[in-house]
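A short worksheet on the structure shown next.
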Number of protein chains: 2
Amino acid sequence: MSDSTFPEVRSLDLFADMSDENYAKLMRGAYLQTFPPHVDLIGEGEGADFLHVLVSGAVDLFSRWNNRETSVMIVKPVSTFILAATIRDARYLMSARTMEKSRIVMIPSQDVRAIFDLDAGFARAVVVELAACYRSVIKTTKNLKLRTALERLANYLLSRHRAYGAPASFDLDLEKRQLASVLGMTPENLSRAFKALQAYGVAVNGEKIEITNPALLQKFAKPTSLIDDDQT
Amino acid sequence: MSDSTFPEVRSLDLFADMSDENYAKLMRGAYLQTFPPHVDLIGEGEGADFLHVLVSGAVDLFSRWNNRETSVMIVKPVSTFILAATIRDARYLMSARTMEKSRIVMIPSQDVRAIFDLDAGFARAVVVELAACYRSVIKTTKNLKLRTALERLANYLLSRHRAYGAPASFDLDLEKRQLASVLGMTPENLSRAFKALQAYGVAVNGEKIEITNPALLQKFAKPTSLIDDDQT
DNA sequence: CGTTAAATTGACGAATCTCAATGCACGTGG
DNA sequence: CCACGTGCATTGAGATTCGTCAATTTAACG
């Protein structure tokens with residue numbers, strides 16, 4: 001299986017700039033694996049032996065402490081996860097599990113570090129990627145510390161709405177219990193938050209979300225690219 | 001002033017591995033500036049024109065939204081800040097202000113990016129540094145989402161206690177209002193949290209903290225290297 | 001000293017969680 | 001095709017955590 005070149009992986013920003021030779025070297029020890037839904041991939045605290053690239057499906061990165069659990073982020077294809085642990089040869093800070101049937105390319109961490117030293121294009125791409133990840137988590141922290149749960153939900157809905165191109169209605173791409181965990185609240189609290197947002201122009205019907213009064217919701221949510229946007 | 005070589009900066013992990021030539025090139029456009037206490041250095045949303053290196057003093061990285069403010073992290077010497085924005089040529093996500101009289105070396109961002117492409121040792125150091133920053137913020141997120149304010153304070157005290165070598169007593173290195181903001185709570189709430197921790201073997205007298213019953217406090221705080229430690 | 005800012009304290013209210021019960025959807029096996 | 005688990009979502013009641021406001025005390029510093 002290791003003679004495959006994983007075209008979806010090659011086209012990722014992270015691997016696009018490197019030489020064919022180094023890419024082949026990197027993939028020599030890599031293998032593609034398919035997992036059923038709800039399978040544990042990684043336990044926090046384990047050594048980061050592989051860089052993971054999610055080719056299809058969805059993965060939940062979560063963490064436990066003192067009998068509590070929270071979802072830190074959701075990974076969608078095509079992207080890598082736990083790059084930082086691989087670079088530092090450290091233990092994973094988060095556990096990972098598939099949410100759906102998922103195909104994942106696993107690249108030995110030592111190969112990633114070795115090629116990093118050989119290929120300047122790859123090194124540059126790793127830095128740019130890590131910087132983006134860092135900024136994304138900073139935004140998460142600001143979101144948690146500066147906003148109430150209701151405000152986080154309002155901004156999440158606006159963000160999805162915008163990402164989909166502001167359609168009349170759209171479906172949540174997460175189970176509500178998952179969404180609650182990502183937003184840092186309980187499912188019960190999320191349920192009540194949805195109700196509370198009716199007063200700000202949000203209509204909910206199962207998975208279907210309709211933003212009936214975008215101006216009103218924005219006035220409440222006060223979205224900002226310094227917390228909510230994905231890019232820059 | 002640009003003929004100085006800033007020896008404190010040179011010895012940083014970030015710059016230690018690069019060639020003398022490239023280091024000189026990087027510092028050609030850099031300059032050292034001294035700031036009084038409580039001076040605004042950076043406003044969030046501004047373009048990241050400079051990488052900052054704190055040589056002495058202390059800097060607060062904070063953020064505002066909707067008339068609220070929170071301290072995201074405190075920078076102590078000698079270390080850089082806002083490396084990620086520099087790398088991505090993006091806007092700062094956090095504001096910065098001096099807490100004390102501080103000396104700061106400012107390196108033009110474009111020079112950082114240019115040398116990054118020239119010097120593999122520097123590139124490697126940047127990646128390792130960014131990965132550490134990323135992991136640190138992930139820990140912050142876990143701390144916020146998995147723990148109550150009381151638990152965060154308990155673990156903060158244990159962490160400082162350990163960092164100082166478990167002395168009989170030690171001084172807080174932050175103003176209490178600053179600490180409250182870092183821990184994601186109000187000063188009033190922090191005050192009550194200190195009182196509540198008396199029941200778990202913590203004695204507070206102004207700045208002086210005494211952990212009279214480490215075992216009891218640990219039993220309550222349940223510290224873990226996956227959230228609390230600084231390294232790995 | 002006198003001025004200023006921080007820290008503390010009390011009273012109150014808002015935000016959030018917990019526990020328990022119920023409703024609802026989906027899939028499986030009879 | 002339908003009964004019945006199973007798990008998620010919702011709702012209610014109550015407790016806890018946490019924030020706000022105001023007053024007071026304490027500490028720092030010129």
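The values are calculated or read from the model by the stated rules, or taken from the named source; none is laboratory data. Note that the coordinates shown come from a computational prediction; the quantities given were computed from them, not determined experimentally. Note that we place each Cβ from the backbone using ideal geometry, even for glycine, and neighbour counts take in every protein chain shown. Protein only, heavy atoms only, side chains kept; ligands, DNA and RNA dropped before computing areas. Shrake-Rupley method; radii C 1.70, N 1.55, O 1.52, S 1.80 Å.
In the set (1) over 14 Å from the mean Cα position of the chain (by Cα); (2) within 9 Å of chain B (Cβ to nearest Cβ), residue A:134 fails one condition alone, (1). Scanning segment A:51-79 for residues that are within 13 Å of another protein chain (Cβ to nearest Cβ) and in contact with a strand residue (DSSP E or B) (Cβ under 8 Å, 6 or more places away or on another chain) yields a total of 10.
Taking the criterion of being of a type in the set (A, V, I, L, M) and within 16 Å of DNA strand C (Cβ to nearest atom), the residues of segment A:125-165 that qualify are A:144, A:146, A:149, A:150, A:153, A:154, A:157.
Can you confirm whether residue B:144 is more than 9 Å from chain A (Cβ to nearest Cβ) and either near DNA strand D (Cβ under 10 Å from one of its atoms) or assigned to a helix (DSSP H, G or I) (or both)? The answer is no for residue B:144. Entry remark, segment B:203-222: residues being out of contact with any Ser or Thr (no Cβ under 7 Å at 6 or more places or on another chain) and more than 10 Å from DNA strand D (Cβ to nearest atom) number 13 in total.
Only one of A:81, A:62 is within 22 Å of residue B:140 (Cβ to Cβ) and in contact with a His (Cβ under 6 Å, 6 or more places away or on another chain). Can you tell me which?
Values: A:62 fails: in contact with a His (Cβ under 6 Å, 6 or more places away or on another chain).
Just one listed residue meets the conditions, A:81.
Taking segment A:43-59 as the range and being closer than 20 Å to residue A:137 by Cα and in a strand (DSSP E or B) as the test, the residues that pass are A:51, A:52, A:53, A:54, A:59.
For segment B:179-211, a residue qualifies if it is polar (S, T, N, Q) and within 14 Å of chain A (Cβ to nearest Cβ), and the qualifying residues are B:181, B:186, B:189. Evaluating residue A:38 against the criteria (1) within 14 Å of chain B (Cβ to nearest Cβ); (2) out of contact with any helix residue (DSSP H, G or I) (no Cβ under 6 Å at 6 or more places or on another chain); (3) touching a residue at least 24 places away in the same chain (Cβ under 8 Å) leaves one unmet condition, (1). When B:41, B:83, B:61 are checked against the criterion of being more than 13 Å from the chain's Cα centre (by Cα), open to solvent by less than 60 Å² (accessible area, probe 1.4 Å), assigned by TED's automatic domain parsing to the domain that holds residue B:121 and not β-branched (Val, Ile, Thr), a single residue qualifies: B:41.
Hey, among the residues in segment A:96-115 that are within 14 Å of another protein chain (Cβ to nearest Cβ) and open to solvent by 10 Å² or more (accessible area, probe 1.4 Å), which one's farthest from residue A:62 (Cα to Cα)? Selected residue: A:114. Restricting attention to segment A:173-232 and to residues that are within 13 Å of DNA strand C (Cβ to nearest atom) and of a type in the set (S, T, N, Q), the residue that is surrounded by the most Cβ atoms within 10 Å (Cβ to Cβ) turns out to be A:181. The sole residue among A:91, A:160, A:152, A:124 that is among the charged types (D, E, K, R), open to solvent by 40 Å² or more (accessible area, probe 1.4 Å) and within 16 Å of DNA strand D (Cβ to nearest atom) is A:160.
Quick check on residue A:159: is it in a helix (DSSP H, G or I), at pLDDT 95 or above and over 30 Å from residue B:90 (Cβ atoms)? When the stated conditions are applied, residue A:159 does not pass them.
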